[in-house]
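Working notes, structure below.
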Amino acid sequence: MSYLYETHLHTSLVSACANSMSSEYISRYKDLGYSGIIVTDHFYNGNTLIPRGLPWKEWVKQFCMGYEEAWNEGVRQGISVFLGWEETFDGCDDYLVYGLDKEWLLNHPEARYWTRAEQYRAVRAAGGCVVQAHPFRQHSYIRQIVLSTGCVDGVEAANATNFDRSYDALALRYAQKLGLPFTAGSDIHDVRQIFDERVFGIYVTKKLDTIGDFVNNILANTISDINITMGHCDYHGDEDVSIPVDVRDANDRSTGKNWKDFI
């Protein structure tokens, strides 16, 4: 038996770019047969609604409101809801952090100032994992692609809001080249995306009781399959990148390497 989970979801309580309340998603995902969702609102350096001038504990309290609202509705309707977040570096590259909780955040105000390497080491030390989100996305607000080859445990190979499928074809090849686990997520900001059938996810063979179970599946590379539209990640060989690419190592240093060597 397989269990289907959403890995990338934003709520209007926390993410400035989202249009739907977290509770609105629950019945929709349940109707689609999902066993659960992971709320991954934009974190401190991303497109967050939460004022950065707040004291840290108040900031964390407000940041967790989207997740907590979804969790309460999930309990009512019988669908699992877990906490994650999406952090941004230099306005370019995004990372999905899984496995940590509100208490951990309250005790780590320094998370606001971490480099990619510092984030990765701290998250792993605390029992979590880091997945690079949509690494080959090329949008107007992204000045360069950053491939963090050594500060992640996995790669989001399929993102339902990447309308240019070449981004995800490259992401899947990249993950496979590095030998990393890969995920799929909707990156959903509005329930209308569900009606448009633009929802992705991952399958596992055992129901997730905690977010730690999801982390274990990433670290053990035991995600059984991804739920995407047919052909979404198909590679044709003519995919290209039109903006600069910075390939970085485990110490978050630029390597000067050619991105095509990682495809």
Residues that are in contact with a Gly (Cβ under 8 Å, 6 or more places away or on another chain) and under 16 Å from Gln176 (Cβ atoms): does region 205-219 have at least one? yes
Could you list, ordered by first residue, the pairs with Cβ atoms under 9 Å in which the first is in region 249-263 and free of Cβ contacts under 8 Å to residues at least 12 places away in the same chain and the second is small (Gly, Ala, Ser) and assigned to a helix (DSSP H, G or I), at least 6 apart or interchain? Arg253/Ala117
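Here's the yes/no breakdown for (1) within 14 Å of Ile263 (Cα to Cα); (2) in a helix (DSSP H, G or I):
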residue: Phe136; (1), (2): yes, no
residue: Arg143; (1), (2): no, no
residue: Val155; (1), (2): yes, no
residue: Ala158; (1), (2): no, no
residue: Asp168; (1), (2): yes, yes
residue: Leu172; (1), (2): yes, yes
residue: Arg198; (1), (2): no, no
residue: Tyr203; (1), (2): no, no
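Just wondering, is there one or more residues in region 53-63 that are closer than 20 Å to Asp94 by Cβ and modelled with pLDDT under 95? Give the derivation first.
Narrowing region 53-63 to residues closer than 20 Å to Asp94 by Cβ: 59-60, 63.
From what's left, modelled with pLDDT under 95: none.
Within region 53-63 (the criterion being closer than 20 Å to Asp94 by Cβ and modelled with pLDDT under 95), the answer is no, since none of the residues qualifies.
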Which members of region 22-48 meet the condition of being surrounded by fewer than 17 Cβ atoms within 10 Å (Cβ to Cβ) and closer than 21 Å to Val97 by Cα? none
When you go through (1) of a type in the set (Phe, Trp, Tyr); (2) within 19 Å of Ala18 (Cα to Cα); (3) assigned to a helix (DSSP H, G or I) one by one for Trp104, which number turns out not to apply? (2)
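Given the structure, is Gly154 crowded, with 16+ Cβ neighbours inside 10 Å, at pLDDT 95 or above, within 13 Å of the chain's Cα centre (by Cα) and of a type in the set (Gly, Ala, Ser)? Break it down stepwise before answering.
On the way: crowded, with 16+ Cβ neighbours inside 10 Å: yes; at pLDDT 95 or above: yes; within 13 Å of the chain's Cα centre (by Cα): yes; of a type in the set (Gly, Ala, Ser): yes.
Yes, satisfied.
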Output for Cβ contacts, cut-off 9 Å, separation at least six or different chains, first residue surrounded by fewer than 17 Cβ atoms within 10 Å (Cβ to Cβ) in region 71-90, second among the charged types (D, E, K, R), reads Gln77/Lys30; Gly78/Lys30; Asp90/Arg143
Would you be able to say whether some residue in region 55-67 is surrounded by fewer than 19 Cβ atoms within 10 Å (Cβ to Cβ), of a type outside the set (A, V, I, L, M, F, W, C), out of contact with any Leu (no Cβ under 9 Å at 6 or more places or on another chain) and farther than 26 Å from Ile218 by Cα? yes
Out of the residues in region 96-129 that are of a type in the set (Ser, Thr, Tyr) and more than 15 Å from Ala250 (Cα to Cα), state the one that is surrounded by the most Cβ atoms within 10 Å (Cβ to Cβ). Tyr98
When residues of region 29-70 are limited to those that are without any contact (Cβ under 8 Å) to a residue 40 or more places away in the chain and of a type in the set (Gly, Ala, Ser), the one farthest from Ser15 (Cα to Cα): Gly33
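So that you can scan it fast, the table gives a plain yes or no per residue for (1) within 19 Å of Val146 (Cα to Cα); (2) in a loop (DSSP other than H, G, I, E, B); (3) more than 18 Å from the chain's Cα centre (by Cα); (4) among the aliphatic types (A, V, I, L, M):
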site: Asn216; (1), (2), (3), (4): no, no, no, no
site: Thr229; (1), (2), (3), (4): no, yes, yes, no
site: Gly237; (1), (2), (3), (4): no, yes, yes, no
site: Ser242; (1), (2), (3), (4): yes, yes, yes, no
site: Asp252; (1), (2), (3), (4): yes, yes, yes, no
With Ala175, Ala220 as the choices, which residue is surrounded by fewer than 20 Cβ atoms within 10 Å (Cβ to Cβ), of a type in the set (A, V, I, L, M) and modelled with pLDDT of 95 or more? Ala220
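The values are calculated or read from the model by the stated rules, or taken from the named source; none is laboratory data. All values derive from a computational prediction rather than experimental measurement. Virtual Cβ from ideal backbone geometry, glycine too; neighbours counted across all protein chains shown.
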